[in-house]
Amino acid sequence: MIYTITCNPSLDYVMNLPQLETGRVNRTVSTQLYPGGKGINVSIVLQNLGLASTALGFAGGFTGKELTHRLKQLGCRADFINIPGETRINVKLQTSEMTDVNAAGPAIPQEAVTQLFAKLNTLQSGDTLVLAGAIPKSLPSDYYEQILTYISKKDVRVVVDATRELLTDTLPCHPFLMKPNEQELGEIFGKELHTAADVTACAQELQKRGAQNVLVSIGAHGALFAAADGMVLSSAPPKGTAVNAVGAGDSMVAGFLYGLEQSGSYTKAFRWGLAAGSATAYQPWLTKKAEVEALLNGFSFSPVTEF
Ligand SMILES: Nc1ncnc2c1ncn2[C@@H]1O[C@H](COP(=O)(O)OP(=O)(O)OP(=O)(O)O)[C@@H](O)[C@H]1O
Ligand SMILES: O=P(O)(O)OC[C@@]1(O)O[C@H](CO)[C@@H](O)[C@@H]1O
C-alpha cells in the first residue's frame, strides 16, 4: 500500500484573469476549485494511473469536509485527522503566468500530532510513504525526520518532496527517493543551477549524504534522475503546450512510483515520471492515465545539457 502525508492540505482556487492589477478590482474570466496539497495531488494522480493509496494528514472546518468529499468522489481513500481549525484555501492567480498565494494554514494541536504516529502503526514492510509539501509552523521543524524515525524499524520505501531543512533533515534516514526541483536543490547548496553537470553534482552529493535516489525536476526543461546504482538520466519533456503546471512535480512523483511498480525499472519509472509531470502541465489540472500514455507514445529521451 502507498500512503501520502499532507500536513497542510488545501483547496486550490484557480482564478483565471487576463492580467492582475494590484490595488484595483480585478475580475476573473473563470475559476476552478480543486482538492490540493502535494501529497494529496500524488494520491489523486496515483488513483488516475490505477494505483490505490491512502491520503493521511490533517484537515478541519468546512473546507476540510469539502476536501475529503472531493477526494472520495475521485475514488481516493482519505484518512485525515480532524483538527479544530479550517483547512486552507490556496489561491492560484492564472494570468500569462501563475501566481500562487498560499495561506499559512491552521495550527495543528499536539494531540493531532501524536495521533498521526498512531496512524503510522498500520504501515507494513514493503509499503511506500510519500511525505510532500510544507508543514505548518505549529508542527516541529523536524517533523518529517520524526516520522521517518518512528517507522525506521519497518522496511518502508520513503519518498520526500520538500524544501531546505525539512528535506535535508531526512537524509540520515536514507529516503528511497527525494524530489526537489532545480531551484530547491540549488538552495540547499547555496547556488543557482543552470547545467546538467551542476544538477548531477548536487544530486550525487545528496546521495552521499543519504538519499538513495534523487529525481530533480527542471520545469519546462525536463528532469534529471540520479539512481542508487549510479545511473544518471536526464531528458527534456515530451512536446506540448503548457497550461497549468501546478501539481506537475506531484504528478511526476506519482508517475515515477507507477512506472517503478509496473516495471521494476528505474529508466521506465523516470519516463513515466517525466511524462506524468508534463501531462499535468499541459492541462488545467492533474493528469489522467490516457494523457500520460499519449505523451509516452513514441517518446524518447533527449538529454538535458543546460537551461
Ligand atoms: N512548462 C512545462 N512544460 C513541459 N513540462 C513541464 C512544464 N512544467 C513542468 N513540467 C513537467 O513536470 C515536471 C515537474 O515540474 P516542476 O519542475 O515544475 O515541479 P515542481 O516545481 O515540483 O512543481 P509543483 O511543486 O508545482 O508540483 C517537470 O520535470 C516536467 O516533466
Ligand atoms: O504550501 P506548499 O505545501 O509548499 O504547497 C501547496 C501547493 O501549492 O502545492 C500543490 C502543488 O504542488 C498545490 O496543490 C498546493 O496549493
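The values are calculated or read from the model by the stated rules, or taken from the named source; none is laboratory data. None of the values given here were measured: they were computed from a predicted structure. For neighbour counting, all protein chains shown are included, and Cβ atoms are generated from backbone atoms with ideal geometry for every residue, glycine included. Only protein heavy atoms, including side chains, enter the accessible area calculation; ligands, DNA and RNA are left aside. Shrake-Rupley method; radii C 1.70, N 1.55, O 1.52, S 1.80 Å.
Quick notes on this one:
- Inter-residue pairs, beta-carbon under 8 Å, first closer than 14 Å to VAL130 by Cβ and in region 47-75, second open to solvent by 40 Å² or more (accessible area, probe 1.4 Å) and among the acidic types (Asp, Glu), 6+ apart: LEU51/GLU261; THR54/ASP79; ALA55/ASP79; LEU56/ASP79
- Just one of the listed residues (GLY230, GLY298) is more than 9 Å from ligand 1 (Cβ to nearest atom), at pLDDT below 95 and farther than 19 Å from LEU193 by Cβ, namely GLY298.
- Condition check for LEU120: of a type outside the set (Phe, Trp, Tyr), modelled with pLDDT of 95 or more, touching a helix residue (DSSP H, G or I) at 6+ places or on another chain (Cβ under 8 Å) and within 26 Å of ILE83 (Cα to Cα): yes
- Any pair with Cβ under 6 angstrom, 6 or more apart, that starts in region 12-34 at a residue that is touching a residue at least 12 places away in the same chain (Cβ under 8 Å) and over 14 Å from LYS92 (Cβ atoms) and ends at one that is open to solvent by less than 50 Å² (accessible area, probe 1.4 Å) and within 16 Å of ligand 1 (Cβ to nearest atom): GLN19/THR95
- Qualifying residue in region 226-234 (condition: hydrophobic (A, V, I, L, M, F, W, C), within 16 Å of ligand 2 (Cβ to nearest atom), touching a strand residue (DSSP E or B) at 6+ places or on another chain (Cβ under 8 Å) and open to solvent by 10 Å² or more (accessible area, probe 1.4 Å)): no
- Of the residues contained in region 216-225, none is found to be buried (at least 21 other Cβ atoms within 10 Å of the Cβ), among the hydrophobic types (A, V, I, L, M, F, W, C) and within 19 Å of GLY37 (Cα to Cα).
- Single condition ILE89 does not satisfy, out of (1) over 19 Å from ALA107 (Cα atoms); (2) in a strand (DSSP E or B); (3) open to solvent by 40 Å² or more (accessible area, probe 1.4 Å): (1)
- Per-region count, region 209-227, residues near ligand 1 (Cβ under 8 Å from one of its atoms) and of a type outside the set (A, V, I, L, M, F, W, C): 4
- Looking across region 75-85, the residues that are part of a loop (DSSP other than H, G, I, E, B) and surrounded by 17 or more Cβ atoms within 10 Å (Cβ to Cβ) come down to CYS76, ILE83, GLY85.
- With respect to the conditions (1) more than 14 Å from GLY247 (Cβ to Cβ); (2) more than 16 Å from ligand 1 (Cβ to nearest atom); (3) open to solvent by 50 Å² or more (accessible area, probe 1.4 Å), VAL101 falls short on a single one, namely (2).
- Looking across region 182-197, the residues that are open to solvent by 10 Å² or more (accessible area, probe 1.4 Å), of a type outside the set (S, T, N, Q) and out of contact with any strand residue (DSSP E or B) (no Cβ under 9 Å at 6 or more places or on another chain) come down to GLU187, ILE188, PHE189, GLY190, LYS191, GLU192.
- Pairs, first charged (D, E, K, R) in region 230-254, second crowded, with 22+ Cβ neighbours inside 10 Å and not in a loop (DSSP other than H, G, I, E, B), C-beta under 7 Å, six or more apart: ASP250/LYS38; ASP250/ASN41; ASP250/VAL42; ASP250/VAL45; ASP250/ALA132
- When residues of region 243-264 are limited to those that are open to solvent by 30 Å² or more (accessible area, probe 1.4 Å) and more than 17 Å from GLY39 (Cβ to Cβ), the one farthest from ligand 1 (Cβ to nearest atom): GLY264
- Any hit, region 56-65, residues being at negative phi, surrounded by fewer than 19 Cβ atoms within 10 Å (Cβ to Cβ) and of a type in the set (Gly, Ala, Ser): no
- Total residues in region 149-167 satisfying the condition of being assigned to a helix (DSSP H, G or I), open to solvent by 10 Å² or more (accessible area, probe 1.4 Å) and not charged (D, E, K, R): the figure is 3.
- Residue tally, condition open to solvent by less than 90 Å² (accessible area, probe 1.4 Å) and outside any loop (DSSP other than H, G, I, E, B), over region 294-306: 3
- Inter-residue pairs, beta-carbon under 6 Å, first closer than 16 Å to ALA223 by Cα and in region 273-285, second aromatic (Phe, Trp, Tyr) and in a helix (DSSP H, G or I), 6+ apart: GLY273/PHE256
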